[in-house]
């Protein structure tokens, strides 16, 4: 399709800035080219229509994106990279050595990464004796069950890093962060395993589109303020679970 050069996305971006571009124009700039007589803007509009907008495109599996006309592995990789850049810019990144103050820190870090995920992701954040971040380790992906979240998978990286404590994090693709019975059972099981190993489970935070819930704040773990391992102060409570949705 022939377009006025002045109306092409790159020229409009240079003239008016990125915030003046439509979603389709931004995606077209990532794609760069179209296919089979269709330019990049046509391909971008098709992608957004097929997946229900930018949020849907961000959630789409690579194989679904590659199924669109003119989108092969290279363009799919460019789209994935662009989405991840957006996630990182929008997130509060937990850096190694940064003290973890409460569940809101975890929500701010994980919300853009996990709230749009279509499957449950279970991760463990490893902490030192002063509750400073060592690193984050993925544990499982899929429906959360005791068989998928086994203590050895959670505590193996903690032992390897000589972590003094851990915080558990997982998402609810439904959008509702309310902990399930399975969530509570897994938390209890891992907390008991941690006691045996001398690696305390400080919290289990559920992240979703509707906010987050802290199982520690809900009383499933020891109250905030009790001494942690090695005499360290326990992870502090969040002020009213700021940023979370009203409890349902």
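The values are calculated or read from the model by the stated rules, or taken from the named source; none is laboratory data. Since the model is a prediction, treat every value here as computed from it, not as a measurement. Ideal geometry is used to build each Cβ from the backbone, glycine not excepted, and the neighbour counts take in all protein chains shown.
Could you check segment 108-135 and list, in sequence order, the residues that are assigned to a strand (DSSP E or B) and either modelled with pLDDT under 80 or under 26 Å from residue 63 (Cβ atoms) (or both)?
Result: 121, 122, 123.
Scan segment 145-161 and tell me whether some residue there is at pLDDT below 90, within 30 Å of residue 56 (Cβ to Cβ) and assigned to a helix (DSSP H, G or I).
No - not one qualifying residue is present in segment 145-161.
Residues that are touching a residue at least 24 places away in the same chain (Cβ under 8 Å), under 18 Å from the mean Cα position of the chain (by Cα), within 16 Å of residue 205 (Cα to Cα) and exposed (fewer than 15 other Cβ atoms within 10 Å of the Cβ): does segment 164-177 have at least one?
Yes, that holds for at least one residue.
Could you list, in sequence order, the residues of segment 51-107 that are within 30 Å of residue 129 (Cβ to Cβ) and part of a loop (DSSP other than H, G, I, E, B)?
91, 92, 93, 94, 95, 96, 97, 98, 100, 101, 102
Does segment 59-78 contain any residue that is modelled with pLDDT under 90, under 14 Å from the mean Cα position of the chain (by Cα) and in the same structural domain as residue 36 (by TED's automatic domain parsing)?
yes
Residue by residue through segment 2-34, note down the ones that are more than 33 Å from the chain's Cα centre (by Cα) and either within 22 Å of residue 74 (Cβ to Cβ) or part of a helix (DSSP H, G or I) (or both). Talk me through it step by step, then tell me what you get.
To start, the set of residues in segment 2-34 that are more than 33 Å from the chain's Cα centre (by Cα) comprises 2-8, 11, 15.
Those that are more than 33 Å from the chain's Cα centre (by Cα) and either within 22 Å of residue 74 (Cβ to Cβ) or part of a helix (DSSP H, G or I) (or both): 5, 6, 7, 8, 11, 15.
Kindly establish whether residue 68 is farther than 26 Å from residue 215 by Cβ, in contact with a helix residue (DSSP H, G or I) (Cβ under 8 Å, 6 or more places away or on another chain) and touching a residue at least 40 places away in the same chain (Cβ under 8 Å). Let's see the steps before the verdict.
On the way: farther than 26 Å from residue 215 by Cβ: yes; in contact with a helix residue (DSSP H, G or I) (Cβ under 8 Å, 6 or more places away or on another chain): yes; touching a residue at least 40 places away in the same chain (Cβ under 8 Å): no.
Judged against the criteria, residue 68 is not a match.
Condition first: in contact with a strand residue (DSSP E or B) (Cβ under 6 Å, 6 or more places away or on another chain), touching a residue at least 24 places away in the same chain (Cβ under 8 Å), buried (at least 17 other Cβ atoms within 10 Å of the Cβ) and farther than 21 Å from residue 214 by Cα. Can you find one or more residues in segment 99-119 that meet it?
no
Just to be sure, is residue 184 in the same structural domain as residue 112 (by TED's automatic domain parsing) and within 22 Å of the chain's Cα centre (by Cα)?
yes
Under 19 Å from residue 149 (Cα atoms), at pLDDT below 95 and surrounded by 13 or more Cβ atoms within 10 Å (Cβ to Cβ): does that describe residue 204?
In short, no.
Just checking, which of 151, 73 is free of Cβ contacts under 8 Å to residues at least 12 places away in the same chain and in contact with a helix residue (DSSP H, G or I) (Cβ under 9 Å, 6 or more places away or on another chain)?
Numbers: 151 fails: free of Cβ contacts under 8 Å to residues at least 12 places away in the same chain.
The match here is 73.
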